[in-house]
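Bear in mind these aren't lab numbers, they're just calculated from the coordinates by the rules spelled out. Bear in mind the structure is a predicted one, so any value in this text is a computation, not a measurement. As a convention, Cβ positions derive from the backbone with ideal geometry for all residues, glycine included, and neighbour counts pool all protein chains shown.
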Amino acid sequence: MFSTKDMDFSKILTRYDIQLQNAESPQEAAKKMLPADPVLKEVAEAVLYMKFKDVGPAVTKALASKDPLVIINDGLVAGMDIVAKLYADHVYYLPEIMMAAKTMEIGIAIAEKKVPGGRSTKGTVVMHAAEGDPHDIGKNIAAVMMRAAGYTVIDMGRDVPVKDAVAKAIEVKPLFMSGTALMTTTMSAFPAEAKLMKEAGLDIPLMGCGGAVNREFANSYDLGIYSKKAPQTPLIAQKILDGYDWKKVREDWDSIVGGS
Ligand code: B12
C-alpha cells in the first residue's frame, strides 16, 4: 500500500526563495573556515580582509608561540583558502584576490625568516610555475617547506617556458623537478617537459602540482609524480633521496604521504 512514511517532502514543498533566504551567506560560510586558534585566526583574518598593515604585527605576535610553518599553513594559507572560496562564490573579484595574495606574501616573508634550515644541503630541486601560468603562491609555499627541510631550491619563478625548464633540468640534474599549474590551459606543459627530459636521457621525477593537476594526470606520462599539498613535498623528497625512482614513488604514494 502507498505510504508517505519515508518520503522527503523538503524537495517538493520548500519554496526556493525561502530556502535562499535561510541559507547561509558566502561570508558567513567563509567565516566558519577561520582557524579556531585565536592567534592563527588573527593571521588568517589579516589575509581575508586584505589588511596590509596588520599582517606583519599578527605574524610577529604568532611567532612568539607558534612554529613558523604552522603560521604559514594554518594561518596565512588558511586565510587565502577562504579568499579562494569567496572568489568562487562571486563575493570577491580579482582585485581582492591580488590584494589578499600580496598580504599573504608579506606574512610569508616574515615567517619564512624564522624557519630553521641547516647550512648543509640534502639535495637540489628545481621548481617552476608552468608556461603561461602566473599562479605561484602554492609553489612559493612548497619552496619554503623544502628549504626548511634542508634542500636547496632553485626557483625559476612563474610562466617558465617548457624549453627553459628542461634546459635547467639538464644543467642541474636535480633530485627532482616540480611544476605548478593552476590552469587547465597550462598543465600540458608537464607531459611536454617530461618528453623532452626523457629524450635528453634524464630519468628524474617531474612532480606535477597545483589545482589544475590531479594524481591521475601526473601519473599519466613517464617521469610524472604527484604532490597534492606543499607539506607533502619533503616526505616525497626524502624517499627520492633514499633511492626511489618515479615508478616507486607512484607505487608507494599513499603510504609516503599518509594516504591523503
Ligand atoms: C590567487 C589567484 C590568482 C592570482 C595569482 C597570484 C599569484 N601570484 O599566484 C591572479 C590575480 C594573478 C590570478 C590571475 C588569473 N587567474 Co587565478 N586564481 C587565483 C585563486 C583565487 C587562488 C590560487 C591560490 O593562490 N591559492 C592559494 C594556494 C596556496 O593554493 P594552490 O596554488 O592551489 O596551492 C596548493 C596546492 O595546489 C599545492 N601546490 C601548488 N603548487 C605547488 C607546488 C608544489 C611543488 C607542491 C608540492 C604543491 C603545490 O599546495 C598548495 C597547498 O599546500 C584561484 C582559485 C582557486 N580556488 O584556486 C584562481 C584560479 C586558479 N585562477 C583562474 C584564472 C582563470 C585566472 C585568470 C586567467 C583570470 C583572468 N580572467 O584574467 C588570470 C591569469 C591570467 C594570466 N594568464 O596571466 C582559474 C583557473 C581555471 C582553470 N581551471 O583553468 C582559477 C581556478 C579561478 C576559477 N575558479 O576560475 N589568479
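Using unit Cβ charges (K, R positive; D, E negative) and no other charged atoms, how large, in debye to the nearest 20, is the dipole of the range 126-227 about its Cα centre?
Dipole size: approximately 180 debye.
To the nearest 20 Debye, how big is the dipole of the chain about its Cα centre, given +1 on the beta carbon of each Lys and Arg and -1 on that of each Asp and Glu?
Dipole size: approximately 500 debye.
Could you derive backbone 3J(HN,Hα) for the range 179-189 from the dihedral phi with the Karplus parameters 6.51, -1.76 and 1.60 (θ = phi - 60°), listing whole Hz in sequence and x where the residue is Gly or Pro?
Karplus values, whole Hz, x for Gly and Pro: x, 10, 9, 9, 10, 5, 7, 10, 5, 5, 4.
Quick one: angle between helix 38-48 and the longest Cα principal axis of the chain, in degrees between 0 and 90, rounded to 10, please.
90 degrees
Place the peptides 204-211, 135-142 in order of packing, highest mean first, counting for every residue the other Cβ atoms within 10 Å and averaging per peptide.
Final packing ranking: 204-211, 135-142.
For TYR151, which sequence-distant residues (separation of 5 or more, or a different chain) have an amide H within less than 5 Å of its own amide H, given hydrogens modelled in the peptide plane?
Sorted by chain and number, the residues that satisfy this are LYS122.
So what J values fall out for the range 98-103 if you push phi through Karplus, 6.51 cos²θ - 1.76 cosθ + 1.60 with θ = phi - 60°, rounded to Hz, Gly and Pro as x?
5, 5, 5, 4, 5, 4
Could you work out the helix-only [θ] at 222 nm for the chain, with each DSSP H run of four or more residues adding -39,500 (n - 2.57) and the total divided by the number of residues, to the nearest 500 deg cm²/dmol?
Working: 13 runs with 130 residues, N = 260.
Value at 222 nm, helices only, nearest 500: -14500 deg cm²/dmol.
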